[in-house]
Amino acid sequence: MAETKKANVFTRLYVGNGAFDIVGKRKRWYVLFGLILLICIASIVFRGFNLGIDFTGGTRVQLPASSASGTISVEAAKDTFEKAIGKEPTATQTVGSGASATIQIRSETLNADQVLKLKTALNDDLKPNGGTQAISDSAVSASWGGEITGKALIALLVFFVAVAIFLALYFELSMAIAALVAVVHDVLITAGIYSLVGFEVSPATVIGLLTILGFSLYDTVVVFDKVRENTRGLLGLTRRTYGEAANLAVNQTLMRSINTSLIALLPVLGLLAIGVGLLGVGTLKDLALVQLTGIAIGALSSIFIATPVAVDLKMRDARYKAQAARVQARRDNLARKAGGEAVSGGDIVESTDDESVQAEVRKEKAMAAAAGVPARTGKAGDARRRPTGKKHR
């Protein structure tokens, strides 16, 4: 029995016949994602971010990861730094692989004497190939990270304005606002997760955050395009309300959204596994983590946030309120004729009038095809011909 139910769920998921009432239960999604959003915002405000050296400034020391006695471990480099400077480094990691692998140590800003002392200690304790000359250091200014952040914020603002204008022209204003709500939701939750988990925020993180906006918007536009198709001419019909037609659109694109998200996550997971597990590259890790979080949140927001918000905004229109009242009146009338009780909109299975919708679509296609056939204009000689009863050869 359980296998049958499971099969039915997956069948309805693939068929997309409106069996999942996502829009109708939108209040619970608002509460759920609202709580997550509040937690993320609270973490951003009170806990803050683990900013990398590019934002806070500091000193970066790099040395070969190989020595005459073998490979130098990250722990050994960290212990040597702590012994020489008297405090732990901000971050220590292996960059690259094989003979070109290096160990990168990042810390607070060190003066010239501290850098010289550290290089001597690293050479004496770890004996890297190339000696002291192979150990390099560089000072990182916090202003560079600030410039990256400023440019990213400007790019984000321009993106929001461009998206709002495009969606308002391509769809309508309510859908443009709903899409922006979903995108802002994605940005805040992704940033909040970084704050909660304590991932280091680097310029690669900021760049990765900007890349996920396109994915979130793409998935939302696909759903909205189906919503527009399902609601075309809806004000003259009394079979579905706007919310029910939008819910059907979400169901029809649900499997596509899931498949697209899974396919998009596979290379990101590969980037995370290869970049961190095999190569040990911190930049790839930062980029992969933000994309992994953003793609997952973007897929959820396009389903549970964007369309429900668009429906709420649309139902503020008096015309769609009146259309919903006519739909309910028709259902009540049908229920009275059948001798049953009044039927509420939540008890209606949206797939019951698919045949009528398909018939309307076929009628529209037939009318469009007929309108596209040019009228036949008879020749002048045809008008002068008279039937003679003789066979023409």
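The values are calculated or read from the model by the stated rules, or taken from the named source; none is laboratory data. Note that the structure is a prediction, hence the values are computed from the model and not measured. Here the Cβ is made from the backbone with ideal geometry for all residues, glycine too, and neighbour counts use every protein chain on show. The accessibility values were calculated without ligands, DNA or RNA, using every heavy atom of the protein model including side chains. Shrake-Rupley method; radii C 1.70, N 1.55, O 1.52, S 1.80 Å.
How many residues are in a helix (DSSP H, G or I) and surrounded by fewer than 17 Cβ atoms within 10 Å (Cβ to Cβ) when one looks only at region 196-206?
Adding up the residues that qualify gives 2.
In region 257-276, which residue that is more than 30 Å from Thr94 (Cβ to Cβ) and either at pLDDT 90 or above or out of contact with any helix residue (DSSP H, G or I) (no Cβ under 7 Å at 6 or more places or on another chain) (or both) is most open to solvent (accessible area, probe 1.4 Å)?
For region 257-276, the residue satisfying everything is Ile263.
Kindly provide the set of residues from region 161-188 that are under 21 Å from Leu37 (Cα atoms) and among the charged types (D, E, K, R), ordered by number.
Hit for region 161-188 is Asp186, nothing else.
Within region 285-298, count every residue that is open to solvent by 10 Å² or more (accessible area, probe 1.4 Å), within 12 Å of the chain's Cα centre (by Cα) and touching a residue at least 60 places away in the same chain (Cβ under 8 Å).
Pass one, region 285-298, residues open to solvent by 10 Å² or more (accessible area, probe 1.4 Å): 285-287, 289, 291-293, 295-297.
Retained after the next criterion (residues that are within 12 Å of the chain's Cα centre (by Cα)): 291-293, 295-297.
The next check asks that each one be touching a residue at least 60 places away in the same chain (Cβ under 8 Å); those that pass are 291, 293, 295, 297.
Qualifying residue count for the region: 4.
Kindly indicate which of Val183, Val163 is of a type in the set (Val, Ile, Thr), touching a Ser or Thr at 6+ places or on another chain (Cβ under 6 Å) and buried (at least 19 other Cβ atoms within 10 Å of the Cβ).
Val183
Is it the case, given these coordinates, that Ala84 is out of contact with any strand residue (DSSP E or B) (no Cβ under 6 Å at 6 or more places or on another chain), within 18 Å of Lys127 (Cα to Cα), at pLDDT below 85 and not β-branched (Val, Ile, Thr)?
Working: out of contact with any strand residue (DSSP E or B) (no Cβ under 6 Å at 6 or more places or on another chain): yes; within 18 Å of Lys127 (Cα to Cα): yes; at pLDDT below 85: no; not β-branched (Val, Ile, Thr): yes.
Considered against the rule, which asks whether it is out of contact with any strand residue (DSSP E or B) (no Cβ under 6 Å at 6 or more places or on another chain), within 18 Å of Lys127 (Cα to Cα), at pLDDT below 85 and not β-branched (Val, Ile, Thr), Ala84 comes out as no.
From the list Val221, Val201, Val206, Val197, exactly one residue is touching a residue at least 60 places away in the same chain (Cβ under 8 Å) and either among the β-branched types (Val, Ile, Thr) or touching a Lys or Arg at 6+ places or on another chain (Cβ under 8 Å) (or both). Which is it? Outline the logic, then answer.
Details: Val221 fails: touching a residue at least 60 places away in the same chain (Cβ under 8 Å); Val206 fails: touching a residue at least 60 places away in the same chain (Cβ under 8 Å); Val197 fails: touching a residue at least 60 places away in the same chain (Cβ under 8 Å).
Of the residues listed, the single one that is touching a residue at least 60 places away in the same chain (Cβ under 8 Å) and either among the β-branched types (Val, Ile, Thr) or touching a Lys or Arg at 6+ places or on another chain (Cβ under 8 Å) (or both) is Val201.
Which condition breaks for Ile154 when tested against (1) open to solvent by 60 Å² or more (accessible area, probe 1.4 Å); (2) in contact with a Pro (Cβ under 6 Å, 6 or more places away or on another chain)?
(2)
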